[in-house]
């Protein structure tokens, strides 16, 4: 499954705080998690794609920093989102 606009809207709908929320920490983490899932599927077919591996590692690091921030600011939301995403 590729990362299309429909998938993005569904993810935003599931994790947004209100109707027009597209940039909250929870939404950003969920979108990054979806992209990480798609990239890991990509590497099953193309294991030597080193340029994309670098992008994947950057995404993982960015998501990790956002998760750390969320854990400090709102521990309840952190627990909720990690359970929803299975992180």
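See the values below:
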item	result
Top of 63, 54, 17 by mean-square fluctuation, Gaussian network on the chain, Cα under 10 Å	54
Between 0 and 90°, nearest 10: helix 50-73 axis offset from the chain longest Cα axis	10
Cα-based equivalent ellipsoid, segment 3-48: semi-axes from gyration tensor eigenvalues, Å	25, 10, 6
Gain upon complete extension [residue 60, residue 6; 0.36 nm per residue less C-alpha separation]	17.2 nm
On Cα atoms only, tilt of 75-85 relative to the major axis of the chain in degrees	40
In degrees, nearest ten, helix 25-45 long axis to first principal axis of the chain (Cα)	20
Candidate values (1) 30, 18, 15; (2) 24, 16, 10; (3) 19, 18, 11, label of the one derived for semi-axes √(5λ) of the Cα gyration tensor in Å	(2)
FRET efficiency, residue 16 to residue 41 (Cβ-Cβ, R0 41 Å, nearest 0.05)	0.95
Within the chain, helix-based [θ] at 222 nm, where runs of 4 or more DSSP H residues each add -39,500 (n - 2.57), nearest 500	-26000 deg cm²/dmol
Potential lengthening between residue 82 and residue 50 on full extension [0.36 nm per residue; Cα-Cα distance subtracted]	8.7 nm
Segment 3-22-segment 28-63 distance, computed between alpha-carbon centres (Å)	19
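Values in this text are rule-based calculations from the coordinates and carry no lab data. Computed from a prediction, not measured in an experiment: that's the story for all the values here. Backbone-built Cβ (ideal geometry, glycine too); neighbour counts: all protein chains shown.
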